[in-house]
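A short write-up of the structure that comes next.
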Amino acid sequence: MADTAHSITLPWKIDRVWVFVLALPFVIAAFDPEQAVATVEFAINAMGQTGVFIVFAVLAIGYLKATGAEVLLARAFEGREVRMIVMAAMLGGLSPFCSCEVIPFIAALLAVGAPLSAVMAFWLSSPLMDPAMFFITAGTLGLSFAVAKTMAAVGLGLLGGATVYFFARSPVFTDPLRPKPQSGCCTSNGTPFSGEVQWSFWNELDRRAVFRSTVIENALFLGKWLLLAYMLEALMLRYVPSDWIAGFLGGQGVWPVVLGALVGAPAYLNGYAAVPLVDALLAQGMAPGAAMSFVLAGGVSCIPAAVAVWALVKPRVFIAYLGIAMVGAVIAGLAWSAVAI
């Protein structure tokens, strides 16, 4: 008889982010009980203020997923190469799906000879903006910042696509694929960009089920990250000296923007969690341009986005991906500094 004592599996998976969110107030209370209460109140009030944006974003993601609208992304990789680059950069910022989900799609495109230039454009723009992130950003940092970030995402994609296009025959971009693509950070049952678009998804039982599961999944996803971010924002406003932030990331010129990109790359938690943190940094003196470079460099170099690229291409292409992202983030940050004055 087999020993089953060590083969018991739980019917649910413990989410470490939720555990941290629930445990954080108790940890704070051990050192500062008043701040623990203030932190929870701050997070609840902030969630209430952005609630309408969260609801709209979750419903939008559910609708796009249930209708199968992601299949439209495949059309960005048809036609002439320059057209592919432009379409890939524009559509990359509209896709409401995680970087890991596009791995099978990108792998298939690269395998059949799709130009790396268009793929790079999509890779650089897709982790930076999506419908949910747009509304969360607009609700917290303002509509102008959200629009500027969207334009910067497309611009960064175009920069990456153009760079690969003009240097396609250089040693960096020739033979870009790994011999055997590595597994990504999440699984996928086949290519997620297959099937037909059905805008009236409610007429089909399976699509209604997809809508329901997607809404629930994304509501929990956004909820945990935003609650964590708002609590961290409250702690940052309470304990991090504003003079330190202003001295390190404030002021005019190129240096704060460059620092914002350099800090954003390793410090980025999550695209949605970054929004409240940037809001706190701005309140404490962070320069607007540094905020823009922070969210752009961090969004491209965060683990899910980086893994999606690392899984498929050789290290030299991956380094080029990060280099283009840093340069584009600094350029966008400087542009936003000039506009936001």
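Can you give the charge dipole size of region 31-340 about its Cα centre, rounded to the nearest 20 debye, using +1 on the beta carbon of Lys and Arg and -1 on the beta carbon of Asp and Glu?
800
Can you sort Met120, Met286, Met47 so the residue with the fewest Cβ neighbours within 10 Å comes first?
The most exposed by this proxy come first: Met47, Met286, Met120.
Subtract the Cα-Cα distance of Val147 and Ser200 from 0.36 nm times their separation in residues, and report this length gain in nm to one decimal.
16.2 nm
Quote the convex hull volume per residue of region 31-340, based on C-alpha atoms, as a whole number of Å³.
137
In whole Å, how far is the Cα centre of region 270-331 from that of region 246-261?
Their Cα centres are 15 Å away from one another.
Throughout, read-outs are computed from the coordinates displayed, never taken from laboratory work. Note that this is a predicted model, so its numbers are computed, not measured. Because the Cβ atoms are built from the backbone with ideal geometry, glycine has one as well, and the counts that use them run over all protein chains shown.
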